[in-house]
Amino acid sequence: MKTLVIVTHPSIETSVINKLWVEEMKKYPEKYTVHQLSKVYPDGNIDVEKEQKLVESHDNLVFQFPIYWFNCPPLLKKWIDDVLTYGWAYGSNGGDKFKNRKVALGVSAGIQKEDFSEGGKYKHKLEQILVPFEMTFLYCNAEYRSFFAFYGAESDPSASKLEKSTRDYLGFIDNL
């Protein structure tokens with residue numbers, strides 16, 4: 001079954017790596033459903049039932065976003081809050097729609113990997129910053145598969161680095 005990739009980027013048109021990832025995934029519609037929240041919900045009003053049905057129609061789920069103030073963009077946080085409801089994603093009364101579902105993250109970080117370290121500028125690893133996502137998916141009994149990260153997006157990476165990252169990202173998704 002296809003993988004649902006929920007892309008949330010506040011300005012995908014100006015993105016380098018997230019835009020490239022989306023363009024590459026769209027070449028393989030038999031493998032990936034690319035769902036761009038900012039395009040579907042520019043007003044931020046999420047159709048919860050539609051989103052839940054979309055998730056249910058896929059085995060694997062990837063959330064793709066830039067690290068935004070050491071978190072995700074606000075629209076993705078709203079999606080998580082609105083869509084992952086008690087009685088659907090977790091809890092009683094049939095709340096098992098995330099149970100055993102493979103879930104992962106595809107993130108881009110503007111800064112270098114070294115800055116995300118105990119001795120680095122921001123004193124914490126990216127793994128630590130992403131713990132709330134892992135905990136959310138574990139709470140919903142999903143099978144969290146970690147994350148794929150592209151570092152240094154602000155430093156205008158070379159074409160070869162972008163191409164390699166794109167191949168590696170798609171390989172990560174394919175191996176969920």
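Assorted remarks:
- Against the criterion of being in contact with a Gly (Cβ under 8 Å, 6 or more places away or on another chain), modelled with pLDDT of 95 or more and not acidic (Asp, Glu), residue 137 does not qualify.
Residues are listed down the side, and each one gets a yes or a no for (1) touching a residue at least 12 places away in the same chain (Cβ under 8 Å); (2) more than 28 Å from residue 30 (Cα to Cα); (3) assigned to a loop (DSSP other than H, G, I, E, B):
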position	(1), (2), (3)
62	yes, no, no
71	yes, yes, yes
88	yes, no, yes
111	yes, yes, yes
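- Considering residues of region 102-148 that are in contact with a helix residue (DSSP H, G or I) (Cβ under 7 Å, 6 or more places away or on another chain) and hydroxyl-bearing (Ser, Thr, Tyr) only, the residue surrounded by the fewest Cβ atoms within 10 Å (Cβ to Cβ): 122
- Within region 139-158, residues that are under 19 Å from residue 106 (Cβ atoms) have Cβ atoms under 9 Å from residues that are charged (D, E, K, R) and part of a strand (DSSP E or B) in these pairs: 142/102; 143/102; 144/102; 145/102, counting only partners at least 6 apart in sequence or on another chain.
- Residue in region 115-131 that is without any contact (Cβ under 8 Å) to a residue 60 or more places away in the chain and under 24 Å from residue 44 (Cβ atoms) present: yes
- Residue among 165, 146 that alone is closer than 30 Å to residue 95 by Cα, among the hydroxyl-bearing types (Ser, Thr, Tyr) and not in a loop (DSSP other than H, G, I, E, B): 146
- The single condition among (1) among the charged types (D, E, K, R); (2) more than 16 Å from residue 135 (Cβ to Cβ); (3) assigned to a helix (DSSP H, G or I) that residue 96 does not meet is (3).
- Filter result for residue 70 (open to solvent by less than 20 Å² (accessible area, probe 1.4 Å) and among the aromatic types (Phe, Trp, Tyr)): no
The values are calculated or read from the model by the stated rules, or taken from the named source; none is laboratory data. Fair warning: this is a prediction, and the values are worked out from it, not measured in the lab. Every residue, glycine as well, gets a Cβ built from its backbone with ideal geometry; the counts of neighbours run over all protein chains shown. Heads up: the accessible areas ignore ligands, DNA and RNA and are worked out on the full protein's heavy atoms, side chains in. Shrake-Rupley method; radii C 1.70, N 1.55, O 1.52, S 1.80 Å.
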